[in-house]
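The values are calculated or read from the model by the stated rules, or taken from the named source; none is laboratory data. Just so you know, these numbers come straight off a predicted model, no measurement behind them. Virtual Cβ from ideal backbone geometry, glycine too; neighbours counted across all protein chains shown.
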Amino acid sequence: MTVQELIAILQTKDPATEVMLRDPCNDIGYVRARDTESLTLRAYSRKCTVLYGSWDGDEADWPGYEAGQYVTHGVLIE
């Protein structure tokens, strides 16, 4: 599901629905999401912590992290 599809579903309940992000300059404020980008990612794990990096065929050099071998799709919201 894309972010646009999610927004469309939410807007069937309330046409004024927006996707909001925390304002990085203000701990209590929010800003409207401006853009989305589809990503292809690889999961890296260590001791119950999971991080994601770009899937470029080569594993990132993250010492101590185990690289997953499955493509994970994600959406970057800005």
Specify which of the listed residues (Gly74, Gly53) is among the small types (Gly, Ala, Ser), outside any loop (DSSP other than H, G, I, E, B), outside the structural domain of Thr17 (by TED's automatic domain parsing) and within 30 Å of Thr17 (Cα to Cα).
Gly74
Keeping to the range 9-36, report how many residues are in a helix (DSSP H, G or I) and surrounded by 12 or more Cβ atoms within 10 Å (Cβ to Cβ).
2
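Any idea which residue in the range 61-71 is surrounded by the fewest Cβ atoms within 10 Å (Cβ to Cβ), counting only those that are among the hydrophobic types (A, V, I, L, M, F, W, C) and either within 30 Å of Val19 (Cα to Cα) or at pLDDT 85 or above (or both)? Walk me through it before giving the result.
As a first pass, look at the range 61-71 and keep what is among the hydrophobic types (A, V, I, L, M, F, W, C): 62, 67, 71.
From what is left, the residues that are either within 30 Å of Val19 (Cα to Cα) or at pLDDT 85 or above (or both) are 67, 71.
Details: Ala67: 13, Val71: 10.
Step by step, filter the range 61-71, then rank; the result is Val71.
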Looking at the range 37-60, which of the residues that are more than 21 Å from Val3 (Cβ to Cβ) and of a type in the set (Ser, Thr, Tyr) is surrounded by the fewest Cβ atoms within 10 Å (Cβ to Cβ)?
Thr49
